[in-house]
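Values quoted throughout were computed directly from the atomic coordinates according to the rules given, and no laboratory measurement underlies them. Please read all numbers here as calculations on a predicted model, not as lab measurements. Cβ coordinates were reconstructed from backbone atoms using ideal geometry, including for glycine residues, and neighbour counts include every protein chain displayed.
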Amino acid sequence: MAIAQAQPNIALVKYWGKRHGGMNLPAVGSLSVTLESLWTQTEIEFDPDLPEDLFLLNGLPDPVGLSRVSRCLDPIRERASCTHKARIRSRNNFPTSAGLASSASGFAALVTAAIAALNLDVSDEEKNQWARWASGSAPRSLYGGFVELRLHDTPAPGHTELVPLATPADWPLEVAVAITSLSTKSVGSTAGMSQTANTSPFYESWIRAQPLDLEEARTAVQARDFEKLARVSEHSCLKMHGLALAGKPGLIYWNGATVNCLAVIRDLRAQGIPVFFTVDAGPQVKAVSEPGAIQQVAGILRQIPGVLEVMTSRLGPGARVLSGAGKPHPSDP
Ligand code: PMV
């Protein structure tokens with residue numbers, strides 16, 4: 001058995017859309033930051049006497065999640081020549097499936113725990129691929145700080161490479177997450193992406209422009225240029241939602257409080273507070289600030305009607321094993 005922890009990551013340059021040909025290959029590269037204080041912890045135990053995989057999420061059986069979990073584990077079991085089923089217990093300290101990247105932290109933790117429990121010695125490439133097959137954004141949560149997922153056409157079309165760009169210590173930005181709804185999103189990201197790719201008139205230009213956005217964000221991170229990162233991140237976020245809104249039917253992931261948060265964050269930046277926003281496939285707003293500004297930003301977001309809760313986080317490390325594979329349990333003396 002093994003226990004692993006991973007944190008969600010927030011895309012600053014978003015991915016939206018998949019390549020044809022399966023393998024869950026993203027249509028575009030992306031750039032994200034991994035958080036510290038939101039987490040998924042996953043314990044896995046392979047058991048020869050178990051007839052089927054068992055999956056508990058936050059203490060309750062999750063039949064929908066179970067099939068994705070089993071599909072994620074199958075290639076790892078095959079690689080280890082292991083036929084045993086597994087008991088998987090996973091806990092999130094934040095709302096699941098509400099646009100907070102619980103699938104990224106969840107599958108990064110699951111892959112990391114399974115590799116440790118099976119004592120597998122694998123390349124980063126294999127690990128990244130197993131995470132990506134389960135969720136396109138999950139490989140980014142295997143790494144800490146600022147991470148770029150790059151797409152190459154060699155050695156094969158759609159070859160993905162994960163490149164850590166800077167550590168949390170290199171540029172200790174902070175994040176506030178404003179929760180504006182606790183409902184599970186109505187259209188998941190995979191279905192939303194295919195609807196957008198098939199019907200949005202802006203999809204082709206989105207794909208074409210992505211390398212420029214990535215280049216701009218990468219150089220902003222390298223130069224620690226906050227204003228530049230703010231501009232390209234807000235642009236990528238609004239463009240992704242514009243693209244999805246223009247599909248048939250259009251996808252509306254936001255609510256009124258989401259929009260009010262965006263306006264307030266823009267105002268704060270105009271007043272000189274170093275903060276920008278981003279929003280994924282859900283109604284929650286993430287505000288990213290320079291070190292030292294996040295508590296003030298969080299306090300202001302809490303006053304906005306419809307904001308239920310604001311969590312804050314620094315940037316954090318990638319997925320890691322907490323116990324198992326020779327490591328003691330975290331609660332052991
Ligand atoms: O990880 P997926 O395949 O569920 O999709 C994530 C999509 C966004 O969060 C909206 C953007 C991104 O790059 O994370």
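Calculate the spin-label point distance for R320 paired with R231, positioning each point 7 Å from the Cα along the beta-carbon direction, and give it in nanometres.
So the two model labels end up 3.7 nm from each other.
Taking the Cα centroid of the range 141-189 and of the range 248-267, what is the distance between the two, rounded to the nearest whole Å?
21 Å
Equivalent-ellipsoid semi-axes (√(5λ), Cα gyration tensor) for the range 174-314, whole Å, largest first?
Here the semi-axes work out to 25, 21, 11 Å.
Give a quick list of GluC sites (Glu not before Pro) in the range 34-86 that DSSP marks as loop, anything other than H, G, I, E or B, with at most 14 other Cβ atoms within 10 Å.
Those that pass, being in a loop and sparsely packed, are E52.
How would M193, M23, M1 line up from fewest to most surrounding beta-carbon atoms within 10 angstrom?
Going from sparsest to densest Cβ surroundings: M23, M1, M193.
Where a Cα-Cα gap under 18 Å defines reach, which lysines qualify for K18, not counting those fewer than 8 residues away within the same chain?
Within the straight-line cut-off, K18 pairs with K239, K248.
Evaluate the relative contact order of the chain (contact order divided by residue number), counting alpha-carbon pairs under 8 angstrom at least 6 apart; express in whole percent.
Once divided by the residue count of the chain, the mean separation gives 26 percent.
Relative contact order, percent, of the range 174-314 when contacts are C-alpha pairs under 8 Å separated by at least 6 residues?
Values: 205 pairs, mean separation 58.3, N = 141.
Taking the mean separation of contacting Cα pairs over the length of the range 174-314, I get 41 percent.
Could you state the orientation-averaged shadow area of the convex hull built on the Cα atoms of the range 2-166, in nm² to one decimal?
Approximately 9.5 nm², given one-decimal rounding.
List the residues of the range 40-70 whose backbone N lies under 16 Å from a point placed 7 Å from the Cα of T184 along the Cα-to-Cβ direction.
From the range 40-70, the list is 55-70.
How big is D, in µm² s⁻¹, for the chain by Stokes-Einstein at 10 °C and 1.306 mPa s if Rh is the Kirkwood radius over C-alpha pairs?
Translational diffusion coefficient: 79 µm²/s.
Need the list of aspartates and glutamates near K228 for cross-linking: C-alpha distance under 19 angstrom, and skip anything on the same chain fewer than eight residues off.
The reachable aspartates and glutamates, counting only those whose Cα sits under 19 Å from K228, are E148, D170, E174, D213, E215, E216, D267, E290.
Exposure proxy check: F107, F46, F55 ranked by fewest other beta carbons within 10 Å?
Values: F107 29, F46 21, F55 25.
The order, fewest Cβ neighbours first, is F46, F55, F107.
With bins 5 Å wide starting at 0, give me the P(r) of the range 157-246 over every alpha carbon pair, in whole percents.
Reading upward from the zero bin: 2, 10, 15, 19, 19, 17, 13, 3, 0.
So what's the angle, to the nearest 10 degrees on a 0 to 90 scale, between helix 102-117 and the longest Cα principal axis of the chain?
30 degrees
What aspartates and glutamates does K85 reach when the alpha-carbon gap must be under 19 Å and sequence neighbours fewer than 8 apart in one chain are set aside?
K85 reaches E43, E45, D47, D49, E52, D53, D62, D74.
Quick check: net charge around F46, other residues with Cβ under 14 Å of its Cβ, Lys/Arg +1 and Asp/Glu -1? Don't skip to the end; give the middle numbers.
Numbers: positive: R77, R79, K85, R87, R89; negative: E43, E45, D47, D49, E52, D53, D74, E78.
Spelling it out: positives minus negatives among the neighbours equals -3.
What's the exposure ranking of F146, F94, going from fewest to most Cβ atoms within 10 Å?
Lowest count first: F94, F146.
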